[in-house]
Amino acid sequence: LGVVSHPGRWPTTAFLDRDGTLIRDTGYVATPGEVELLAGAAEAVRLLNEAAVPVVVVTNQSGIGRGLFDEPAFQAVQNRLEWLLAESGARIEATFFCPHAPAARCECRKPGLDLYRAAADSGFETAGALYAGDRARDVLPALALGGLGMLVAGEDGTYDGHVPSEVILVPDLLSGVRGLLAIPEDDP
C-alpha cells in the first residue's frame, strides 16, 4: 500500500461512503430493519477511532429526491447504523448527505465537492484525508482535495468504474484500513 507523505497525522479524516461500504447496499436502504453491517466494517471504523482519526460518513441519498423515503426515514437508518457500530465500540463523528436525485445536477452529489466543503466548514480536514467507498464517485474527490482514494470491491469482488492509478483498490474496508494504519492482518 503506497501512501503519499503528508505533514502531521495521516489520515487527517476518514470520509467513508455508507451504502456498499459500511452497510449492505440493497438499492435504497429506507428502513432501519434493512441495515446490515458489512463484514469488518465496524472493526475498520473502530481501528480508525483508536488511531484518533475522525470518521465522517458522506453519502448520496437520491431516494429522498426520488420520493422513495424522506429525511426522517434517512435519519432512522443512520441512527440504526450508528447503534450497530456502537455495539462494536465504533463511532461516526458526523454524517453529510446529498438528498437530491441525479437529475438535479447539484454540487453536493458525489463526486461533487460541496459535502466535503461542508465537512471542512465543520472542522474536518479534507487535505490528507482518506476517501473510501465502493464506487468511483466516492473516491474521486480525493484527487481534487489532496487525499487518498480507496476503492472497496463490491460484494461480488469487482470494482466500480474506471479510476485513476492514484486510487488504491482493496477487497474490503477492513483490509484497506489495516493496510493504511500498518496493522497486520493477524493483530487483534
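The values are calculated or read from the model by the stated rules, or taken from the named source; none is laboratory data. Since the model is a prediction, treat every value here as computed from it, not as a measurement. Neighbour counts are summed over all protein chains in view; Cβ atoms, including those assigned to glycine, are modelled from backbone coordinates with ideal geometry. Just so you know, the surface numbers come from the protein's heavy atoms only, side chains and all, with ligands and any DNA or RNA stripped out. Shrake-Rupley method; radii C 1.70, N 1.55, O 1.52, S 1.80 Å.
Based on what the data block shows, is Ala94 in contact with a strand residue (DSSP E or B) (Cβ under 7 Å, 6 or more places away or on another chain) and among the small types (Gly, Ala, Ser)?
Yes: the conditions hold for Ala94.
Could you say which residue among Leu85, Leu130 is aliphatic (A, V, I, L, M) and touching a Lys or Arg at 6+ places or on another chain (Cβ under 7 Å)?
On the way: Leu130 fails: touching a Lys or Arg at 6+ places or on another chain (Cβ under 7 Å).
Step by step, each of Leu85, Leu130 is checked, and only Leu85 is aliphatic (A, V, I, L, M) and touching a Lys or Arg at 6+ places or on another chain (Cβ under 7 Å).
All but one of (1) more than 12 Å from the chain's Cα centre (by Cα); (2) open to solvent by 70 Å² or more (accessible area, probe 1.4 Å); (3) of a type outside the set (A, V, I, L, M) hold for Gly112; which doesn't?
Just one mismatch for Gly112, condition (2).
One residue is enough: does the stretch 81-96 have a residue meeting the conditions small (Gly, Ala, Ser) and either touching a Gly at 6+ places or on another chain (Cβ under 7 Å) or buried (at least 19 other Cβ atoms within 10 Å of the Cβ) (or both)? Before the answer, list the steps.
Step one: filter the stretch 81-96 for residues small (Gly, Ala, Ser), giving 86, 88-90, 94.
Next, only the ones that are either touching a Gly at 6+ places or on another chain (Cβ under 7 Å) or buried (at least 19 other Cβ atoms within 10 Å of the Cβ) (or both) stay: 90.
Yes: the stretch 81-96 contains one or more residues that are small (Gly, Ala, Ser) and either touching a Gly at 6+ places or on another chain (Cβ under 7 Å) or buried (at least 19 other Cβ atoms within 10 Å of the Cβ) (or both).
Going through Gly40, Gly67, Gly27 one at a time, which residue ends up being on the phi > 0 side of the Ramachandran plot and open to solvent by less than 40 Å² (accessible area, probe 1.4 Å)?
Working: Gly67 fails: open to solvent by less than 40 Å² (accessible area, probe 1.4 Å); Gly27 fails: open to solvent by less than 40 Å² (accessible area, probe 1.4 Å).
Of Gly40, Gly67, Gly27, the one residue that is on the phi > 0 side of the Ramachandran plot and open to solvent by less than 40 Å² (accessible area, probe 1.4 Å) is Gly40.
Could you check the stretch 139-148 and list, in sequence order, the residues that are over 15 Å from Ala119 (Cα atoms) and either in contact with a Lys or Arg (Cβ under 9 Å, 6 or more places away or on another chain) or surrounded by 22 or more Cβ atoms within 10 Å (Cβ to Cβ) (or both)?
Val139, Leu140, Leu148
With the requirement that a residue be in contact with a Gly (Cβ under 8 Å, 6 or more places away or on another chain), assigned to a loop (DSSP other than H, G, I, E, B) and touching a residue at least 40 places away in the same chain (Cβ under 8 Å), what does the stretch 157-182 give you?
If the condition is that a residue be in contact with a Gly (Cβ under 8 Å, 6 or more places away or on another chain), assigned to a loop (DSSP other than H, G, I, E, B) and touching a residue at least 40 places away in the same chain (Cβ under 8 Å), then Asp172 is the only one that fits.
Across the stretch 135-156, what is the total count of residues that are closer than 20 Å to Leu181 by Cβ and either in a loop (DSSP other than H, G, I, E, B) or of a type in the set (Asp, Glu) (or both)? Lay out the reasoning, then the answer.
Taking the stretch 135-156 as the starting set, the residues that turn out to be closer than 20 Å to Leu181 by Cβ are 138-139, 142, 146-153.
Subset that is either in a loop (DSSP other than H, G, I, E, B) or of a type in the set (Asp, Glu) (or both): 138, 146-147, 153.
Qualifying residue count, the stretch 135-156: 4.
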